DNA sequence: GTAATGTTTTACCAACCGGTCAAATTATCG
DNA sequence: CGATAATTTGACCGGTTGGTAAAACATTAC
């Protein structure tokens with residue numbers, strides 16, 4: 001007799017781990033393009049190379065898959081911000097934050113789009129996480145930035161909007177990739193656009209934040 | 001006998017104009033939140049206060065509604081960029097472009113999200129418009145910016161990434177509104193965040209573009 | 001081996017979805 | 001008014017969707 005699914009967390013088999021990972025990988029592909037409602041279980045199952053009932057043996061509902069993906073993304077997504085170091089050199093901290101966020105947009109575009117889809121649709125599944133852990137982390141780092149400005153190490157500016165603008169400019173290259181490619185044309189079929197973007201953003205933010213002695 | 005729908009463009013009645021507008025308004029509400037696939041005709045019909053077959057009397061398919069909305073948005077969305085004037089003062093042209101884009105994010109968030117949803121999902125319905133008219137317009141304005149830089153009127157920078165960063169930072173306040181509100185907290189329940197954002201973005205871009213004489 | 005447990009498949013269902021049809025109702029115009 | 005055209009409705013349809021039940025099959029432990 002099959003173990004009821006509620007007990008699955010007690011004993012994990014080799015196959016369970018493998019298949020669950022396979023499903024999450026496939027689901028990320030589909031969810032990140034089609035959003036939650038636009039994605040069907042069949043699509044995920046096909047992408048994972050298994051039948052729908054088989055998939056539903058590992059995840060009871062479509063929501064369960066989505067929730068697990070969102071939870072993971074939410075965690076890794078904030079990694080660069082967490083690494084933001086109050087003791088470090090302000091300029092290089094901000095510079096490397098921008099660079100790391102841009103690298104994530106390049107290397108994990110599906111994760112970025114999954115998150116964008118979710119927030120765009122009103123963040124129905126993660127409202128609490130946004131208002132809780134996310135807000136607290138941003139509050140903390142905003143205070144760091146504000147302290148740097150007070151100490152005259154960088155130009156005075158609103159730290160929250162600074163963070164928003166770093167998020168938006170970097171994630172743009174993942175979320176609006178189709179548009180970026182369309183506008184830049186075939187000459188940017190490779191990944192040169194990410195290097196150009198890095199140069200541009202670095203200049204933009206660094207010049208804007210440099211303390212003006214005039 | 002009812003006029004076949006193909007002939008509708010020939011004679012337009014009062015009711016037709018009113019109802020079509022009503023439907024498009026309702027559809028914008030739903031599409032902008034749920035995306036194309038996530039939206040059902042029933043949802044639009046209910047939001048428009050009519051039955052599904054009644055709605056389908058005015059628009060033959062769900063695609064038809066979506067297409068018309070997208071076409072409208074695409075046009076008005078580029079209005080600020082079109083207004084970009086090569087003969088004007090570089091600094092004030094860029095400054096007012098930023099301001100106008102931010103005003104659009106504030107006043108037409110649904111339109112912004114409709115567009116974002118579409119691009120995020122790979123722009124299946126508007127790929128041609130992106131690669132054609134949009135690219136041409138951006139190419140033209142990018143050349144203007146490049147000329148300004150060559151003439152020493154603004155700092156040298158990649159004009160395409162400059163435009164991308166203006167798009168992303170301004171639209172962020174519409175597309176990621178939930179997140180922005182969550183992070184800023186209740187103190188920003190009103191629209192003060194748009195004024196703060198305007199101040200911040202103006203400083204960021206203007207300082208970054210100002211010609212450095214050092 | 002064999003029994004217990006874990007995995008996969010086949011068949012299925014009720015709800016929903018986009019869309020049609022024909023009849024009923026309402027507005028327009030002479 | 002009456003006729004004609006425009007609008008609205010309810011009943012319906014084939015296909016899809018999220019999810020279930022149960023039996024067949026595979027794996028593991030003894």
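Got a sec? Which of B:142, B:174 is under 30 Å from residue A:78 (Cβ atoms), assigned to a helix (DSSP H, G or I), facing chain A (nearest Cβ under 10 Å) and in contact with a helix residue (DSSP H, G or I) (Cβ under 6 Å, 6 or more places away or on another chain)? Outline the logic, then answer.
Values: B:142 fails: under 30 Å from residue A:78 (Cβ atoms).
Answer to the check: B:174.
Mind checking which residues of the stretch A:1-34 are modelled with pLDDT of 90 or more, loosely packed, with under 15 Cβ neighbours inside 10 Å and more than 11 Å from residue A:58 (Cα to Cα)?
Applying the first criterion (modelled with pLDDT of 90 or more) to the stretch A:1-34 yields A:19-34.
Right, trim to loosely packed, with under 15 Cβ neighbours inside 10 Å and you get A:21, A:25.
Result: A:25, single match.
Restricting to the stretch B:92-115, count the residues that are under 19 Å from residue B:160 (Cα atoms) and in contact with a helix residue (DSSP H, G or I) (Cβ under 7 Å, 6 or more places away or on another chain).
The total comes to 8.
Report yes if some residue within the stretch B:76-86 is surrounded by 15 or more Cβ atoms within 10 Å (Cβ to Cβ), under 30 Å from residue A:39 (Cα atoms) and modelled with pLDDT under 95; otherwise report no.
yes
Looking at the stretch B:105-118, which of the residues that are surrounded by fewer than 20 Cβ atoms within 10 Å (Cβ to Cβ) and assigned to a helix (DSSP H, G or I) is farthest from the other protein chains (Cβ to nearest Cβ)? Before you say what the answer is, go through the steps one by one.
If we filter the stretch B:105-118 for residues that are surrounded by fewer than 20 Cβ atoms within 10 Å (Cβ to Cβ), which is where we start, we get B:106-110.
In the following step, the residues that additionally are assigned to a helix (DSSP H, G or I) were identified as B:106-107, B:109-110.
Working: B:106: 14, B:107: 18, B:109: 11, B:110: 11 Å.
Among those that are surrounded by fewer than 20 Cβ atoms within 10 Å (Cβ to Cβ) and assigned to a helix (DSSP H, G or I), it is B:107.
For residue B:122, state whether it is more than 10 Å from every other protein chain (Cβ to nearest Cβ), at positive phi and assigned to a loop (DSSP other than H, G, I, E, B). Talk me through it step by step, then tell me what you get.
Working: more than 10 Å from every other protein chain (Cβ to nearest Cβ): no; at positive phi: yes; assigned to a loop (DSSP other than H, G, I, E, B): yes.
In short, no.
Considering every residue within the stretch A:149-160, establish whether at least one is in contact (Cβ under 8 Å) with a residue 24 or more places away in the chain and under 16 Å from residue A:82 (Cβ atoms). Don't jump to the end; show me each part of the working.
So the first thing to find is which residues in the stretch A:149-160 are in contact (Cβ under 8 Å) with a residue 24 or more places away in the chain, and the list is A:152-155, A:157.
Then drop every residue that is not under 16 Å from residue A:82 (Cβ atoms), which leaves none.
Scanning the stretch A:149-160 turns up no residue that is in contact (Cβ under 8 Å) with a residue 24 or more places away in the chain and under 16 Å from residue A:82 (Cβ atoms).
Give me the residue from the stretch A:42-64 that is within 14 Å of DNA strand C (Cβ to nearest atom) and within 14 Å of another protein chain (Cβ to nearest Cβ) and, out of that set, farthest from residue B:34 (Cα to Cα).
Among them, the one singled out is A:42.
For the stretch B:48-95, how many residues are away from DNA strand D (no atom under 16 Å from the Cβ) and farther than 19 Å from residue B:15 by Cα?
Residues of the stretch B:48-95 that are away from DNA strand D (no atom under 16 Å from the Cβ), as a first pass: B:66-95.
With farther than 19 Å from residue B:15 by Cα added as a condition, the list becomes B:66-67, B:69-95.
Final tally of qualifying residues: 29.
Here is a list of conditions, (1) within 22 Å of residue A:70 (Cα to Cα); (2) touching a residue at least 12 places away in the same chain (Cβ under 8 Å); (3) part of a helix (DSSP H, G or I), and residue A:131 meets all of them except one; can you say which number that is?
(2)
For the stretch B:50-102, what are the residues that are assigned to a loop (DSSP other than H, G, I, E, B) and under 28 Å from residue B:201 (Cα atoms)?
Passing the criteria: B:78, B:84, B:85, B:86, B:87, B:88, B:89.
In this structure, does residue B:100 turn out to be more than 16 Å from DNA strand D (Cβ to nearest atom), surrounded by fewer than 17 Cβ atoms within 10 Å (Cβ to Cβ) and not assigned by TED's automatic domain parsing to the domain that holds residue B:141?
Working: more than 16 Å from DNA strand D (Cβ to nearest atom): yes; surrounded by fewer than 17 Cβ atoms within 10 Å (Cβ to Cβ): yes; not assigned by TED's automatic domain parsing to the domain that holds residue B:141: no.
For residue B:100, the condition - more than 16 Å from DNA strand D (Cβ to nearest atom), surrounded by fewer than 17 Cβ atoms within 10 Å (Cβ to Cβ) and not assigned by TED's automatic domain parsing to the domain that holds residue B:141 - is not met.
Of all the residues that make up the stretch A:190-214, how many are at pLDDT 70 or above and either outside any helix (DSSP H, G or I) or at positive phi (or both)?
So the count comes out to 2.
Got at least one residue in the stretch A:26-34 being within 15 Å of DNA strand C (Cβ to nearest atom) and either within 14 Å of chain B (Cβ to nearest Cβ) or touching a helix residue (DSSP H, G or I) at 6+ places or on another chain (Cβ under 9 Å) (or both)? Before you say what the answer is, go through the steps one by one.
Step one: filter the stretch A:26-34 for residues within 15 Å of DNA strand C (Cβ to nearest atom), giving A:26, A:34.
Those still in the list that are either within 14 Å of chain B (Cβ to nearest Cβ) or touching a helix residue (DSSP H, G or I) at 6+ places or on another chain (Cβ under 9 Å) (or both) too: A:26, A:34.
Yes, the stretch A:26-34 contains a residue that is within 15 Å of DNA strand C (Cβ to nearest atom) and either within 14 Å of chain B (Cβ to nearest Cβ) or touching a helix residue (DSSP H, G or I) at 6+ places or on another chain (Cβ under 9 Å) (or both).
The values are calculated or read from the model by the stated rules, or taken from the named source; none is laboratory data. Keep in mind that what you see is a predicted model, and the values were worked out from it rather than measured. Neighbour counts are summed over all protein chains in view; Cβ atoms, including those assigned to glycine, are modelled from backbone coordinates with ideal geometry.
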